[in-house]
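Undergrad: Starting off with a structure, shown below.
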Amino acid sequence: MATKGFVISRLPGFNPIAGLVFVGLYLPIIILVVYSFNAGRSVAGWEGFSLHWYTVAWENDAVKAATVRSLYLAASAAVISTFLATLAALGTTRRKAFGGQTFIYVMINQPLMVPEVVSAVALLIFFAMIKQATGYAGMGYLIAAHSAFCIPFAYLPIRARLEGMDMTLETAASDLYASNWQAFRFVTLPLLLPGIFAGMMLAFVTSLDDVVITVFVKSAGQDTLPTYMLGQIRRQVTAEINAISTVLLALTVLLLTLFVLLTRKKD
């Protein structure tokens, strides 16, 4: 007589608890989206449907400047971190096991394990020393900080893609007298591209909504969209913040959907 396997969904109270968890996760987001279309200034009282606050945000020069700065910063950090993550993934997977490999893996993923505020304070001290020595106070510090923080987010999907690839294709290319560069260019890289694009999108989203590191590292006049929103909330909360948050949410959902499609395994 066959015994039934353990199924967690059959435990008493599973469905109500799961429902409460989903309500706690998504109800605040749904309320945020709904109230972004509120006609009044209040963020708690509904006064009718309107696109007024989207128009206000669109016409706000400070929002435009912060948005352009955020997109530039996120794109720069995503490209740099993905390039470095690709090199790191190739160096830790497409070779035989070696001493210290686990230590290297831990160091690459260090930003995921250390509290973000610790990394932010360390970067603040490090960049303050450079600013004092050079006098430079441009966007380079934010790009460097975001790139370093985003490396593990790009590294993980790229490494996963490499580990799922069949090395016999590269071996076959070598047997056909392809050089290491030719094997990489015509075999490894095309197969790796979905993982690279997925890692780049994940790094982009991570950089786009970062607040802690940005607040510690940025100089005057370098507000990104999240830090601008934080400053506005400290002064006065209006439905404009809801509208901006909804647009950011839509962009994030779009990019994460593309990430899932790129990393999904085909039968």
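Undergrad: Among the numbered criteria (1) in contact (Cβ under 8 Å) with a residue 60 or more places away in the chain; (2) surrounded by 13 or more Cβ atoms within 10 Å (Cβ to Cβ); (3) among the hydrophobic types (A, V, I, L, M, F, W, C); (4) assigned to a helix (DSSP H, G or I), which single criterion is violated by V117?
TA: Here V117 clears every test but (2).
Undergrad: Follow-up. Within the group A89, A57, A39, which residue is among the aliphatic types (A, V, I, L, M) and closer than 29 Å to L156 by Cβ? Even if it seems obvious, please write down each step before you answer.
TA: Numbers: A57 fails: closer than 29 Å to L156 by Cβ; A39 fails: closer than 29 Å to L156 by Cβ.
After applying the criteria, what remains is A89.
Yes or no, residue by residue, for (1) touching a strand residue (DSSP E or B) at 6+ places or on another chain (Cβ under 8 Å); (2) in a helix (DSSP H, G or I); (3) more than 28 Å from V247 (Cα to Cα); (4) acidic (D, E):
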residue: M165; (1), (2), (3), (4): no, no, yes, no
residue: T171; (1), (2), (3), (4): no, yes, yes, no
residue: F186; (1), (2), (3), (4): no, yes, yes, no
residue: L189; (1), (2), (3), (4): no, yes, yes, no
residue: T206; (1), (2), (3), (4): no, yes, no, no
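Undergrad: Is it true that some residue in the range 42-58 is surrounded by 13 or more Cβ atoms within 10 Å (Cβ to Cβ), at negative phi, in a loop (DSSP other than H, G, I, E, B) and in contact with a helix residue (DSSP H, G or I) (Cβ under 8 Å, 6 or more places away or on another chain)?
TA: yes
Undergrad: OK, next. Mind listing just one residue for me: the one in the range 171-196 that is buried (at least 18 other Cβ atoms within 10 Å of the Cβ) and touching a residue at least 24 places away in the same chain (Cβ under 8 Å) and, of those, nearest to A85 (Cα to Cα)? Lay out the reasoning, then the answer.
TA: First pass over the range 171-196, keeping only residues buried (at least 18 other Cβ atoms within 10 Å of the Cβ): 173, 183, 187-188, 192, 195-196.
With touching a residue at least 24 places away in the same chain (Cβ under 8 Å) added as a condition, the list becomes 188, 192, 195-196.
Numbers: T188: 15, L192: 12, G195: 11, I196: 9 Å.
Looking at residues that are buried (at least 18 other Cβ atoms within 10 Å of the Cβ) and touching a residue at least 24 places away in the same chain (Cβ under 8 Å), I get I196.
Undergrad: Within the range 206-216, how many residues turn out to be crowded, with 22+ Cβ neighbours inside 10 Å and among the β-branched types (V, I, T)?
TA: 2
Undergrad: I'm trying to understand the selection: among the residues of the range 1-34, which are among the small types (G, A, S), loosely packed, with under 10 Cβ neighbours inside 10 Å and either part of a helix (DSSP H, G or I) or modelled with pLDDT of 85 or more (or both)?
TA: At the first step, the residues of the range 1-34 found to be among the small types (G, A, S) are 2, 5, 9, 13, 18-19, 24.
Filter again for loosely packed, with under 10 Cβ neighbours inside 10 Å, leaving 2, 5, 9, 13, 24.
Matches in the range 1-34: S9, G24.
Undergrad: Here's a check for you: in the range 59-90, which residue that is over 23 Å from the mean Cα position of the chain (by Cα) and not polar (S, T, N, Q) is surrounded by the fewest Cβ atoms within 10 Å (Cβ to Cβ)? Full working, then the answer.
TA: Residues of the range 59-90 over 23 Å from the mean Cα position of the chain (by Cα): 59-62.
Okay, now just the ones that are also not polar (S, T, N, Q), so 59, 61-62.
On the way: E59: 9, D61: 7, A62: 13.
The residue in question is D61.
Undergrad: A further question follows. Considering the range 120-160 alone, what residues qualify as being over 20 Å from L202 (Cβ atoms), assigned to a helix (DSSP H, G or I) and of a type in the set (F, W, Y)?
TA: F126, F127, Y141
Undergrad: For the range 210-226, indicate whether the set of residues that are over 25 Å from K131 (Cα atoms) and of a type in the set (V, I, T) is non-empty. Even if it seems obvious, please write down each step before you answer.
TA: Narrowing the range 210-226 to residues over 25 Å from K131 (Cα atoms): none.
No, the range 210-226 contains no residue that is over 25 Å from K131 (Cα atoms) and of a type in the set (V, I, T).
The values are calculated or read from the model by the stated rules, or taken from the named source; none is laboratory data. Everything quoted here is computed from the prediction, not taken from an experiment. Neighbour counts run over all protein chains shown; Cβ positions are idealised from the backbone, glycine included.
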